[in-house]
């Protein structure tokens, strides 16, 4: 387990001997993230970081369970001194606070009504040797299983001629995820797994590459879930486990129905725990 240290925040060689001057805003944000990780004593289990190439393009394809998954995935690229350019919905770039940071870090905005521009920009970044991060499920999975994947990531890898790095993140959803209240607790374990590169074969179609990617992502997520060091504190704390592992999260079918309702404009409100349940959680942390 890795817990961020204050020394990591100020390490001179954190980004390699000659970091790109254009990435200075990104480096500042990473150091700020390390401060947050240290204050909350997150316990990271990061495996497979050696699969991130030290140079050249690659597409990181990860499952999506938390609002902060991109910050956890970025940790896996740090040992190779790589900055991941994440694809994110354009609304994040339009926000008064997050927008300037997202643009300064050269992340890629995605307009879901006109995605061709984002696709072309991502392919250019890959051909320029950048690592692009994609959540091919497009939204957070409230079932905490791998949803159906969009084909864009596979198409980018084929067109740019770069490998896909399948990935899985687990644990961050206990802090902040869709449909639940934010719970800023300390000492939460977060698992990040990067799988072996999936290289497009000559003439391989995007759908074939996508199937291989999904299989790898499902295997990594299963490994992350089964090796996770924490267990629910009680029956009222089983919400963060998927149904097939004895949790009370919705099944994939139930989650899909909720997603469809949300898309139709019927927003599902986050359940508010009973005051006694909240009090028990506060006492348990002391």
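One line per residue, one yes/no per condition, for (1) touching a residue at least 24 places away in the same chain (Cβ under 8 Å); (2) over 13 Å from residue 133 (Cα atoms):
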| residue | (1), (2) |
| --- | --- |
| 14 | yes, yes |
| 19 | yes, yes |
| 23 | yes, yes |
| 42 | yes, yes |
| 51 | yes, yes |
| 73 | yes, no |
| 80 | yes, yes |
| 97 | no, yes |
| 103 | no, yes |
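Looking for something exposed (fewer than 14 other Cβ atoms within 10 Å of the Cβ) and within 28 Å of residue 49 (Cβ to Cβ) - is there at least one such residue anywhere in the range 232-239?
No, the range 232-239 contains no residue that is exposed (fewer than 14 other Cβ atoms within 10 Å of the Cβ) and within 28 Å of residue 49 (Cβ to Cβ).
Does any residue of the range 185-192 turn out to be under 26 Å from residue 118 (Cβ atoms) and surrounded by 14 or more Cβ atoms within 10 Å (Cβ to Cβ)?
Within the range 185-192, one or more residues are under 26 Å from residue 118 (Cβ atoms) and surrounded by 14 or more Cβ atoms within 10 Å (Cβ to Cβ).
May I ask you to list the residues in the range 45-67 that are buried (at least 17 other Cβ atoms within 10 Å of the Cβ) and touching a helix residue (DSSP H, G or I) at 6+ places or on another chain (Cβ under 6 Å)?
46, 52, 57, 59, 61, 62, 63, 65, 66
Can you pull out every residue in the range 129-170 that is under 19 Å from the mean Cα position of the chain (by Cα) and assigned to a helix (DSSP H, G or I)?
Correct list: 152, 153, 154, 156, 157.
Filter the range 157-179 down to residues that are touching a helix residue (DSSP H, G or I) at 6+ places or on another chain (Cβ under 7 Å), surrounded by 18 or more Cβ atoms within 10 Å (Cβ to Cβ) and farther than 18 Å from residue 51 by Cβ, then give me how many there are.
Selection size over the range 157-179: 4.
For the subset of the range 209-244 comprising residues that are in a loop (DSSP other than H, G, I, E, B) and either without any contact (Cβ under 8 Å) to a residue 40 or more places away in the chain or out of contact with any helix residue (DSSP H, G or I) (no Cβ under 9 Å at 6 or more places or on another chain) (or both), which member is nearest to residue 65 (Cα to Cα)?
228
Report the residue count in the range 1-23 for those that are surrounded by 13 or more Cβ atoms within 10 Å (Cβ to Cβ), modelled with pLDDT of 90 or more and not in a loop (DSSP other than H, G, I, E, B).
Residues flagged as surrounded by 13 or more Cβ atoms within 10 Å (Cβ to Cβ), modelled with pLDDT of 90 or more and not in a loop (DSSP other than H, G, I, E, B) within the range 1-23 amount to 3.
Conditions: (1) without any contact (Cβ under 8 Å) to a residue 60 or more places away in the chain; (2) within 17 Å of residue 167 (Cα to Cα). Residue 58 meets all but one. Number of the miss?
It is condition (1) that residue 58 fails.
Given the criterion under 18 Å from residue 217 (Cα atoms) and assigned to a helix (DSSP H, G or I), identify the matching residue among 126, 73.
That would be 73, the only listed residue that is under 18 Å from residue 217 (Cα atoms) and assigned to a helix (DSSP H, G or I).
Checking residue 115 against (1) within 17 Å of residue 138 (Cβ to Cβ); (2) surrounded by fewer than 20 Cβ atoms within 10 Å (Cβ to Cβ); (3) free of Cβ contacts under 8 Å to residues at least 24 places away in the same chain, only one condition comes out false. Which one?
Exception for residue 115: condition (3).
Does any residue of the range 89-111 turn out to be surrounded by 18 or more Cβ atoms within 10 Å (Cβ to Cβ), closer than 24 Å to residue 171 by Cβ, at pLDDT below 95 and within 15 Å of the chain's Cα centre (by Cα)?
No, there is no match, as no residue in the range 89-111 is surrounded by 18 or more Cβ atoms within 10 Å (Cβ to Cβ), closer than 24 Å to residue 171 by Cβ, at pLDDT below 95 and within 15 Å of the chain's Cα centre (by Cα).
The values are calculated or read from the model by the stated rules, or taken from the named source; none is laboratory data. These numbers were taken from a predicted model, which means no experiment stands behind them. Cβ coordinates were reconstructed from backbone atoms using ideal geometry, including for glycine residues, and neighbour counts include every protein chain displayed.
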